[in-house]
Structures are given as C-alpha cells and as structure tokens.
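For reference, the structure is listed below as structure tokens.
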Amino acid sequence: PPIVVRDFAILLGKKPFQLISELMEMGIFASMNQAIEEANAKQIAERHGFTLDIRHRGDDKPEPKKKAKAPREDDPALMEERPPVVCVLGHVDHGKTSLLDQIRNAHVVSGEAGGITQHVGAYQVERKGKKITFLDTPGHAAFSKIRERGANVTDIAILVVAADDGFMPQTDEALKFARNANVEIIVAINKMDAKGANIDRVKQQMQERDLMPEDWGGTTLCTPVSALEGTNINELLELVLLQAEVSELKANPKAVAEGVIVESQVEQGRGPTATVIVQKGTLKVGDALVCGPHYCKVRAMMDEHGKPVKSAPPSTPVRIMGWSGTPVSGAVCTVAKNEKAAKAEAEENAQALKARAAAKPAVTTGATDLDSLLAAIDDQSSKVLRVVIKGDVNGSVEALADCLRAIESEKVKLEIVETGVGVITKNDITLADSSEACVIGFNVKQENGVTALAKHHGVRIIQHNIIYELITSVEEAMSELLDPEY
Ligand code: GDP
C-alpha cells in the first residue's frame, strides 16, 4: 500500500508539516497527500525509534507462480505509441471555446457525421490517421482540478493568444500553470483574421517569455490560426502530432488498466456516469473498476458520439455507466479482479476516508446559517499574512506552500499570493508591495537590487536554506500580526 505523508505523520505522532519539512531536509518534496517510497519511510521511522512493518495485501498467501513470472508492466518492450492528450488554455475571449468547437466539428474521427453534440469532458479527433484526445473544457481551472488530485492527464497544452490582443494576465497564468505541470506548450496565435492582428508582436512576446518560436530559431511550435474562419486548424493539429512524436508518448496497452476521471455526472435514468481517459492498459466491457470509495462493473462504455465501444486503449476517453456513486474528477480508477473485489476495495477506501474525516476537527461540516455568519465575521477580524513564495525547484515550492498552509492558526490566516521557482526578483518585490505581502525564499538567491527595492517599499523578505528555520520565521511573522496584548 502507498505510504501517504498525512497518514504516515499520524502514525509517527507528528504533524504532517513536520514530516514534510523532515522530508525536504532529505531532499524529498512531497505534499500532504502524496506517497513516499518505502525506503525513505523506513529511514524516517527508524530515526524516530519506530520500525517500519509494511504488510502488502496477500502477504500471507503465496503469490501465484504465473504472476511472479509476468514481465514488468513498464518494460520498454511492452510500450506502444499512444495519442497525445491535449488541453486548451489562454486568456478569456481569446478564442479557446471557438477553437475547440472548430476542431470538434471539422475533425471528428472519420466516418462520423454530425460532429459531437454532447459535452462529456473529452473527445478524440483524427488527423492523417493519427488520433488526438482533447479535453473539452477550456481553461486551466478544469485542468487544475484534475491536477489537484495529483493526476497528470495532459501531455500538451495549446496556449491560445489572440493576435490582436497579445499576451494577457491569464495567458501568463496559464503558461505558468502549464510549465508547473510539465506539459509541452504549443502556441496558437488566434484571430489572425482580425483587424489589428499582429502575429510578429505575439512572437516577440513569446520570445520574452522563453518560448522562442521555432521559425525564429527556437523550439516552441506555434502557428497563426483563425478559430472563427477555420484557417490553419489542420496545421495546428499537425503541430500537436509533431510534438507528440518528439515527446515519444507511450503506454503499455496490456497492463492492468488504469484511468483518470475527467468528468462525472448523474444522468436521469442512467445513474452516475463518468468520463475516463485511459492512461495504461486497455479498458474492456466486463471489467470491474475501483475509484476511491466507488466501484463499477463496466456494463457499457460509450465514445463521445454516444456509440458503444467494447475496448478502450491508452489515451482513449470513454463514458462509463454503472457506478455505485459519482467519482470526482482527477481521481484515478483501476481495474480490480472482479466485481466482488472492486466492491470490497471501494468499501475499504470509504472506511479509510471516513476515519480520516473523523480525525479532522469538524469546522466546516454542518454549519448552520448562524454559524457561517459568525464564521464570516470572525474571518474579517482575523489577520492575514500574505506571502509570495519562491523556491529552488518546483517540488520544494509546492511542499513549502503545503507546510505554510498547515501552520496558519485561527487568529492568523495565511494567503499565498503567488508561488514561483527561481531567484527572488524585483518583480516579486513589486508584487508583494502591491498586495501587502512578504516574500518567502527557500534555497534561492536574490536578483541584484532586490534588497534595496524591498527596503524602499518596506517589503519583508524571509529567506532561509533550512526549512525549519524558514517555518519558524514565518510563524514569528504571523504572531507579530496579532494585537500587542497577545
Ligand atoms: P474564450 O473565452 O477563450 O473561450 O473565447 P471564445 O471562443 O468564446 O471567443 C471569444 C470571442 O472571440 C467570440 O466572440 C468569438 O467569436 C471571437 N473569436 C474567436 N476566435 C476568433 C477568430 O479567430 N477571429 C475572430 N475575428 N474572432 C474570433
């Protein structure tokens, strides 16, 4: 079983953030809900005077011989090419929805007339005999909802930038998001038909953001398009295929099937249905699935046209009926041995979730109107420490943010204005100044002139290379916000 940080901390009698910081000291960046490796857990357990005793399910029964001989699922020899999974990001009104509609209507898998009418979270199109899977909810909110649960479904992000408007705040936010998620970025310079369209200016802005266009000698694929008139949509799809080829996207279609929920709903007369993108293995009708506290005997699967499909190889989106409940998007589902096993596993998961909820202090549950009103008043009177967090690597920033969120107290709340990787820049100071925040740096240096600028604006910088010292300083800063009598 996975050793999840939160649960492991409880076993050790520590607070999760204490464990997170201990892990960071070891160079391991894990957040609350992530699992850590057995060897690391063993090391930590021993340091605290425990011995790690992990029982794998079925330890008491000898493994069947056949299974022992089976090749590893991730053996490179078993890997096969799979279609890319693509999302569309960008600033509001830059044409994300129009682009997705244009792609959906003009390029549905051959032989399908009438396009796709129903929005089920994802669809597939075909270009030059190759498939591409699109997430059909544009914007990074949907994408981050999936990511929040730790799943990474997307391989490529199409960043839509309107040629008449250029990069805007949400474009930059989306760009940052895509980079954090480690997905490849292709830029679609949309509205090439519009009055005032300036493609070169967008390319210039790409260059400024370390997204040097390929035709300017860089490596970022980009093309002008018009989602309105349908211009260059084929070119864009070909760039996606090119990027997919470069990324060598592969999966083992014969592995035990596993997928991620992209959307779920309760449909009248159908009960709970969920759209799953298969990540490895091949999902088949008759399989039994477990997804957290829910399970499903797959009686039927449908594609985006509502047509039944019998099997779904990696990267294929399918809508599945027959769930015991509604799984949340971003959750991973796996195939179990049979329906009985799936049900048992789901029940086990439900118990674990219940136990976890019970262990948490009941603050948000069952709030009456009066309660929430009081809470709102309380909220206004409590102080807030706003922070801009900079760290040396992505993992450390996430882990640090998690740690800091964990130390917020009833009286002082912590609000993370921005997080980023790399040196503390003058921009960070300006941002902190305008949002009345302080800047927190873990294991990073400062750009020239940062100290002077911070002094000028009265922005506080808390900077350490040792995590617990950093956290202590932040705790101090939080307590300083309280009224003097405290
Ligand atoms: P979203 O908010 O990013 O999803 O943007 P929409 O797809 O809703 O488009 C916003 C507006 O821009 C709509 O009025 C579209 O008709 C228009 N639009 C989208 N693509 C193009 C294009 O290629 N050219 C022009 N001229 N207008 C476009």
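The values are calculated or read from the model by the stated rules, or taken from the named source; none is laboratory data. Keep in mind the model is a prediction, meaning the values are calculated, not measured. Here the Cβ positions follow ideal geometry from the backbone for every residue, glycine too, while neighbour counts run over all protein chains shown.
Give me a count of the residues in region 448-469 that are within 21 Å of Val397 (Cα to Cα), polar (S, T, N, Q) and not in a loop (DSSP other than H, G, I, E, B). Here the count works out to 1.
Okay, residues lined up against (1) on the phi > 0 side of the Ramachandran plot; (2) modelled with pLDDT under 90; (3) in a strand (DSSP E or B); (4) charged (D, E, K, R):
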site	(1), (2), (3), (4)
Val260	no, no, yes, no
Gln265	no, yes, yes, no
Gly269	yes, yes, no, no
Gln279	no, no, yes, no
His305	no, yes, no, no
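Among the residues of region 215-225, how many are away from the ligand (no atom under 16 Å from the Cβ) and surrounded by 15 or more Cβ atoms within 10 Å (Cβ to Cβ)?
Looking only at that region, the number is 3.
Number of residues in region 446-467 that are under 12 Å from Leu431 (Cα atoms) and of a type in the set (Val, Ile, Thr) equals 1.
Residues that are within 14 Å of the ligand (Cβ to nearest atom) and surrounded by 20 or more Cβ atoms within 10 Å (Cβ to Cβ) were ranked within region 168-182; the one that is farthest from Arg82 (Cα to Cα) is Thr171.
Being within 27 Å of Lys176 (Cβ to Cβ), within 16 Å of the ligand (Cβ to nearest atom) and in contact (Cβ under 8 Å) with a residue 60 or more places away in the chain narrows it down to one residue among Leu228, Leu236; which is it?
None of the other options fit; the residue is Leu236.
Against the numbered list (1) surrounded by 18 or more Cβ atoms within 10 Å (Cβ to Cβ); (2) in contact with a Ser or Thr (Cβ under 9 Å, 6 or more places away or on another chain); (3) part of a helix (DSSP H, G or I), Ser21 comes up short only at (2). Residues being in contact (Cβ under 8 Å) with a residue 24 or more places away in the chain, more than 16 Å from the ligand (Cβ to nearest atom), assigned to a loop (DSSP other than H, G, I, E, B) and of a type in the set (D, E, K, R) are represented in region 197-210 by at least one member.
Within region 151-166, work out how many residues are at positive phi and within 11 Å of the ligand (Cβ to nearest atom).
Number satisfying all stated conditions: 0.
Among the residues making up region 405-435, those that are over 24 Å from Ala174 (Cα atoms) and either touching a strand residue (DSSP E or B) at 6+ places or on another chain (Cβ under 8 Å) or of a type in the set (Gly, Ala, Ser) (or both) are Ala406, Ile407, Glu408, Ser409, Lys411, Val412, Lys413. Taking every residue in region 118-130 that is of a type in the set (S, T, N, Q) and pairing it with any residue that is modelled with pLDDT under 90, at least 6 positions away or on another chain, the pairs with Cβ-Cβ distances below 9 Å are Gln118/Glu304; Gln118/His305; Gln118/Gly306; Gln124/Val108; Gln124/Val109; Gln124/Asp303; Gln124/Glu304. Of everything in region 318-347 that is assigned to a helix (DSSP H, G or I) and out of contact with any Phe, Trp or Tyr (no Cβ under 6 Å at 6 or more places or on another chain), the residue that is surrounded by the fewest Cβ atoms within 10 Å (Cβ to Cβ) is Lys340.
Out of Arg405, Arg386, Arg460, one residue alone is surrounded by fewer than 19 Cβ atoms within 10 Å (Cβ to Cβ) and at pLDDT 90 or above. It is Arg460. Hey, does region 436-445 have a residue that's out of contact with any Phe, Trp or Tyr (no Cβ under 8 Å at 6 or more places or on another chain), modelled with pLDDT under 85 and surrounded by fewer than 16 Cβ atoms within 10 Å (Cβ to Cβ)? Yes - at least one qualifying residue is present in region 436-445. Within region 183-196, if we keep just the residues that are touching a strand residue (DSSP E or B) at 6+ places or on another chain (Cβ under 6 Å) and of a type in the set (A, V, I, L, M, F, W, C), the residue that is farthest from the ligand (Cβ to nearest atom) turns out to be Val183.
The lone criterion from (1) modelled with pLDDT of 80 or more; (2) closer than 15 Å to Gly395 by Cα left unmet by Ala30 is number (1). Screening Lys191 against (1) touching an Asp or Glu at 6+ places or on another chain (Cβ under 6 Å); (2) charged (D, E, K, R); (3) surrounded by fewer than 22 Cβ atoms within 10 Å (Cβ to Cβ) leaves a single unmet condition, (3).
This table checks each residue for (1) in contact with a helix residue (DSSP H, G or I) (Cβ under 8 Å, 6 or more places away or on another chain); (2) at pLDDT below 65.
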site: Gly111; (1), (2): no, yes
site: Gly114; (1), (2): no, yes
site: Gln118; (1), (2): no, yes
site: Ala122; (1), (2): no, no
site: Val160; (1), (2): yes, no
site: Met168; (1), (2): no, no
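I want to confirm something. Restricting to region 84-100 and keeping residues that are within 19 Å of Asp165 (Cβ to Cβ) and hydrophobic (A, V, I, L, M, F, W, C), which single residue is nearest to the ligand (Cβ to nearest atom)?
Step by step, filter region 84-100, then rank; the result is Val92.
If you go through region 211-254 one residue at a time, how many are more than 18 Å from Thr97 (Cα to Cα), of a type outside the set (A, V, I, L, M) and in a loop (DSSP other than H, G, I, E, B)? Total satisfying the criteria: 7.
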